[in-house]
Amino acid sequence: MGMIVPRIKLGSQGLEVSKQGLGCMGMSAFHGPPKPESDMIKLIHHAINSGVTFLDTSDAYGPHTNEVLIGKALKGGMREKVQLASKFAVFHQDGKWETRGDPAYVRLACESSLKRLDVDCIDLYYVHRIDTSVPIEITMGELKKLVEEGKVKYIGLSEASPSTIRRAHAVHPITAVQIEWSLWSRDAEEELIPTCRELGIGIVPYSPLGSGFLSVGPKMFETASQGDIRKAFYPRFHDENLESNKLIYEKICVMAASKGCSPSQLALAWVHHRGDDVSPIPGTTKIDNLKDNVGALSVKLTREDMAQLSTLADNVKGERYASMARTWKNADTPPLESWKGEA
Ligand code: ATR
């Protein structure tokens, strides 16, 4: 007996997605070794058949292998059933993360992603991280051409500052902004989310489960495997913060038990209750966890529950990211007039 996954309008340009998506990153990257391809294809098909049709990938996951995996999963009539989101601009080179948003790179990245995904068009194409050496208008100018050519349907930004969102939106309407938003990552609430709402832009929260910590707590590190970057790169998982952050997980468990749901469901339900313009993309590599997460859509939270949850992670210790990521707080781009390159 499954529940029907609701659909929402994401942004004001006509894109409609499932109220919850599927983050595909961990199938291929950052969370340990790549998971077996046939299992992941089964999982993706299970998601689509359950109504979770909003799939999230990036050329940075693998790199490249996650898009190839999604491409395979979309064979045999699945493509038409999904809203396919991918991203560009970030790559790892000579031991560090680089970002490029210049027009030649935008085009090359998109055409390469289309080949790997083996599709004619990407439904939602995000700038994964903002290149702070290129005016956002220049990046958007090329993305707009890709829309006109039919290679991309809708444009999104990830980890973009409010001022970058406004400038981008003036060049071509932005459909969605992807941002970390969860019980313990709420810095977007003050200005970024209100900016999206003012402009009619949909919100796609990533890491709604705190990368798994809000679901399983410190247990997630018991089986930590090689290639799982979370323990090393996420300050909240460092030993000096872990004991304290464990208390947050324990509070979630207590409240989840009283609501008769799982910790993941409680964390996701909180995100779902933040609005009809919000579609979180929890990542999972397991069908059972996917089912659990779909169940979050049936969890009803009262005003009192929301109030209780709103203070639950007030004492979180550690930043959400270390050096590996440029976050929206330092992602403004230079003025358009300063651009000396080709537009
Ligand atoms: P990220 O952006 O890092 O993918 P996330 O979506 O907040 O972060 O959380 C993903 C993590 O939560 C994954 O490690 C996933 O583990 P599995 O691949 O083993 O499922 C874990 N996770 C997702 N849903 C879960 C659930 N219902 N119960 C337990 N763990 C879950």
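The values are calculated or read from the model by the stated rules, or taken from the named source; none is laboratory data. The model shown is predicted, which means the values in this text are computed figures rather than measured ones. No Cβ is skipped: glycine too gets one built from the backbone with ideal geometry, and neighbour counts run over all protein chains shown.
Just to check your reading of the model, which residue among GLY101, GLY77 is on the phi > 0 side of the Ramachandran plot and not aliphatic (A, V, I, L, M)?
Just a single option satisfies the conditions, and that option is GLY77.
Return yes or no: is ARG167 in contact with a Lys or Arg (Cβ under 6 Å, 6 or more places away or on another chain), in contact (Cβ under 8 Å) with a residue 60 or more places away in the chain and among the basic types (Lys, Arg)?
So ARG167 fails the test.
Name the single residue that is nearest to GLU142 (Cα to Cα) among those in the range 81-110 being touching a residue at least 12 places away in the same chain (Cβ under 8 Å) and loosely packed, with under 12 Cβ neighbours inside 10 Å. Break it down stepwise before answering.
Initial filter on the range 81-110 (touching a residue at least 12 places away in the same chain (Cβ under 8 Å)): 81-92, 97, 99-107, 109-110.
So of that shortlist, the ones also loosely packed, with under 12 Cβ neighbours inside 10 Å come out as 92, 104.
Numbers: HIS92: 23, ALA104: 8 Å.
It comes out as ALA104.
When both residues are 6+ apart or on different chains and their Cβ atoms are under 6 Å apart, which pairs have a first residue that lies in the range 273-289 and is more than 16 Å from VAL177 (Cβ to Cβ), and a second that is charged (D, E, K, R)?
Close Cβ pairs (under 6 Å, with a partner that is charged (D, E, K, R)) amount to THR285/LYS35.
Give just the number: which of (1) without any contact (Cβ under 8 Å) to a residue 24 or more places away in the chain; (2) among the hydrophobic types (A, V, I, L, M, F, W, C); (3) within 21 Å of PHE237 (Cα to Cα) does ALA307 not satisfy?
(3)
Just the residues that are closer than 19 Å to TYR206 by Cβ, surrounded by fewer than 21 Cβ atoms within 10 Å (Cβ to Cβ) and hydroxyl-bearing (Ser, Thr, Tyr), please, taken from the range 1-45.
None - no residue of the range 1-45 is closer than 19 Å to TYR206 by Cβ, surrounded by fewer than 21 Cβ atoms within 10 Å (Cβ to Cβ) and hydroxyl-bearing (Ser, Thr, Tyr), so the list stays empty.
Looking at (1) in contact (Cβ under 8 Å) with a residue 60 or more places away in the chain; (2) surrounded by fewer than 20 Cβ atoms within 10 Å (Cβ to Cβ); (3) at positive phi, which is the one condition that is false for HIS64?
(1)
Please indicate, with yes or no, whether at least one residue in the range 304-325 is under 23 Å from LYS19 (Cα atoms) and of a type in the set (Val, Ile, Thr).
No, the range 304-325 has no match at all.
Mind listing just one residue for me: the one in the range 6-31 that is within 15 Å of the ligand (Cβ to nearest atom) and not in a strand (DSSP E or B) and, of those, farthest from ILE44 (Cα to Cα)?
So, considering only residues that are within 15 Å of the ligand (Cβ to nearest atom) and not in a strand (DSSP E or B), the one farthest from ILE44 (Cα to Cα) is PHE30.
Residue check: is GLU180 under 30 Å from LYS145 (Cα atoms), modelled with pLDDT of 95 or more, of a type in the set (Asp, Glu) and buried (at least 20 other Cβ atoms within 10 Å of the Cβ)?
Yes; evaluated as a whole, the condition is true for this residue.
Answer yes if at least one residue in the range 285-303 is under 27 Å from PRO194 (Cβ atoms), of a type in the set (Ser, Thr, Tyr) and at pLDDT 95 or above, and no otherwise.
Yes; the residues of the range 285-303 include at least one that is under 27 Å from PRO194 (Cβ atoms), of a type in the set (Ser, Thr, Tyr) and at pLDDT 95 or above.
So, in the range 246-304, of the ones that are part of a loop (DSSP other than H, G, I, E, B) and hydrophobic (A, V, I, L, M, F, W, C), which residue ends up nearest to the ligand (Cβ to nearest atom)?
So, considering only residues that are part of a loop (DSSP other than H, G, I, E, B) and hydrophobic (A, V, I, L, M, F, W, C), the one nearest to the ligand (Cβ to nearest atom) is ILE281.
Is there any pair with a first residue in the range 228-243 that is within 23 Å of THR285 (Cβ to Cβ) and a second that is surrounded by 13 or more Cβ atoms within 10 Å (Cβ to Cβ) and among the β-branched types (Val, Ile, Thr) whose Cβ atoms are under 8 Å apart and which are 6 or more apart or on different chains, and what are they?
Short answer, once both residue conditions are applied: ARG236/VAL316.
State yes or no: is LYS96 closer than 30 Å to SER225 by Cβ and either within 14 Å of the ligand (Cβ to nearest atom) or at pLDDT 95 or above (or both)? Steps first, please.
On the way: closer than 30 Å to SER225 by Cβ: yes; either within 14 Å of the ligand (Cβ to nearest atom) or at pLDDT 95 or above (or both): no.
No.
For the range 214-228, indicate whether the set of residues that are at pLDDT 95 or above, closer than 20 Å to GLN178 by Cα and either buried (at least 17 other Cβ atoms within 10 Å of the Cβ) or within 10 Å of the ligand (Cβ to nearest atom) (or both) is non-empty. Let's see the steps before the verdict.
Residues of the range 214-228 that are at pLDDT 95 or above, as a first pass: 214-217.
Retained after the next criterion (residues that are closer than 20 Å to GLN178 by Cα): 214.
Imposing the further condition that a residue be either buried (at least 17 other Cβ atoms within 10 Å of the Cβ) or within 10 Å of the ligand (Cβ to nearest atom) (or both) reduces the set to 214.
Checked the range 214-228: at least one residue is at pLDDT 95 or above, closer than 20 Å to GLN178 by Cα and either buried (at least 17 other Cβ atoms within 10 Å of the Cβ) or within 10 Å of the ligand (Cβ to nearest atom) (or both).
Within the set of pairs 6+ apart or on separate chains, which have a first residue in the range 26-39 that is among the acidic types (Asp, Glu), a second that is away from the ligand (no atom under 12 Å from the Cβ), and C-beta atoms under 8 Å apart?
Qualifying pairs under 8 Å: GLU37/LEU69; GLU37/LYS72.
Hey, among GLY275, GLY318, which residue is at positive phi and touching a Lys or Arg at 6+ places or on another chain (Cβ under 6 Å)?
GLY318 is the lone residue from the list that is at positive phi and touching a Lys or Arg at 6+ places or on another chain (Cβ under 6 Å).
For the range 133-147, which positions are of a type in the set (D, E, K, R) and closer than 13 Å to ALA104 by Cα?
Keep residues of the range 133-147 that are of a type in the set (D, E, K, R), which gives 137, 142, 144-145.
Matches in the range 133-147: GLU142, LYS145.
How many residues are within 15 Å of the ligand (Cβ to nearest atom) and either touching a Lys or Arg at 6+ places or on another chain (Cβ under 6 Å) or hydrophobic (A, V, I, L, M, F, W, C) (or both) when one looks only at the range 42-52?
4
Quick one: which residue in GLU98, GLU137 is out of contact with any His (no Cβ under 7 Å at 6 or more places or on another chain) and under 21 Å from THR175 (Cβ atoms)?
GLU137
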